[in-house]
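Asker: Here you go, one structure.
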Amino acid sequence: MTGDNRTGPPSSGSERDTLRAFLDYHRATLAMKCEGLTDEELRQQSMPPSTLSLLGLVRHMAEVERAWFRRVFEDNDAPMVWSDTIDFQAAYDASTSTRAEAFAAWDAEVENSRRIEREAESLDRAGYQPRWSEEVSLRMVMTHVLLEYGRHNGHADLLREGVDGTVGA
């Protein structure tokens, strides 16, 4: 990894600005963990029986962004990126994926999520979560996705260590 160019979240601010900043910080963390690696290194899996890889995490987070923003607030029937059956595990199989393919999908979903959040009048905006068959607020969605990034960035730390011996951020 080169340097840490992430913008840290604010120490104070509105709830919305804080959630937005923490989400962007965690998105930048995942990207940072992948910096400077070849496609082969990004596909390197952790210890068996796990098939988890950094590229698989990027693909998975593209699915998470789509499932929690696009499917909830725009199109409940929008297809997932790598699964016809809403199988989030399918994204982890990055065996034939490339950085360009995975990051293009992830970047597109992140930008779509940001647009949806910006256009919402408030964090109370409700959307329908088809997997749960219930309405959820934008506040809940942003918090949930933030927690997903936090969890998976922990995995990314370990995966990056496995590739080049760096210590987590």
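The values are calculated or read from the model by the stated rules, or taken from the named source; none is laboratory data. All values derive from a computational prediction rather than experimental measurement. Neighbour counts run over all protein chains shown; Cβ positions are idealised from the backbone, glycine included. With ligands, DNA and RNA removed, areas are computed over all heavy atoms of the protein, side chains included. Shrake-Rupley method; radii C 1.70, N 1.55, O 1.52, S 1.80 Å.
Asker: Filter the range 30-48 for residues that are at positive phi and either of a type in the set (A, V, I, L, M, F, W, C) or touching a strand residue (DSSP E or B) at 6+ places or on another chain (Cβ under 7 Å) (or both) and give the result.
Answerer: The answer is none; no residue qualifies.
Asker: Being in contact with a Phe, Trp or Tyr (Cβ under 9 Å, 6 or more places away or on another chain), open to solvent by less than 70 Å² (accessible area, probe 1.4 Å) and either in contact (Cβ under 8 Å) with a residue 24 or more places away in the chain or within 25 Å of Met140 (Cβ to Cβ) (or both) is the requirement here; does Ala78 meet it?
Answerer: no
Asker: Within the range 81-121, track down each residue that is in contact (Cβ under 8 Å) with a residue 60 or more places away in the chain and part of a loop (DSSP other than H, G, I, E, B).
Answerer: Scanning the range 81-121 gives no hits.
Asker: If I ask for residues that are in a helix (DSSP H, G or I), more than 14 Å from His26 (Cβ to Cβ) and either at pLDDT below 90 or in contact with a helix residue (DSSP H, G or I) (Cβ under 7 Å, 6 or more places away or on another chain) (or both), which ones from the range 128-155 would you list?
Answerer: Leu138, Val141
Asker: Scan the range 104-158 residue by residue and report those that are within 14 Å of Ala67 (Cα to Cα) and touching a Leu at 6+ places or on another chain (Cβ under 6 Å).
Answerer: Leu138, Met142, Leu146
Asker: Go through the range 20-42 and give me each residue that's within 15 Å of Trp106 (Cβ to Cβ) and among the charged types (D, E, K, R).
Answerer: Scanning the range 20-42 gives Asp24, Arg27, Lys33, Glu35, Asp39.
Asker: Also: Cβ-Cβ under 7 Å, sequence separation 6+ or interchain: first residue in the range 19-45 and touching a residue at least 24 places away in the same chain (Cβ under 8 Å) and over 12 Å from Val58 (Cβ atoms), partner open to solvent by less than 60 Å² (accessible area, probe 1.4 Å) and small (Gly, Ala, Ser). Which pairs?
Answerer: His26/Gly150; Gln44/Ser53; Gln44/Gly162
Asker: A further question follows. Identify the single condition in (1) surrounded by 18 or more Cβ atoms within 10 Å (Cβ to Cβ); (2) touching a Lys or Arg at 6+ places or on another chain (Cβ under 9 Å); (3) of a type outside the set (Gly, Ala, Ser) that Asn112 does not satisfy, given that it satisfies every other one.
Answerer: (1)
Asker: Moving on to the next point. Give the range 81-109 a look and list any residue that's more than 14 Å from Leu57 (Cβ to Cβ), within 12 Å of the chain's Cα centre (by Cα) and open to solvent by less than 60 Å² (accessible area, probe 1.4 Å), or say none.
Answerer: Answer for the range 81-109, where residues must be more than 14 Å from Leu57 (Cβ to Cβ), within 12 Å of the chain's Cα centre (by Cα) and open to solvent by less than 60 Å² (accessible area, probe 1.4 Å): just Ala108.
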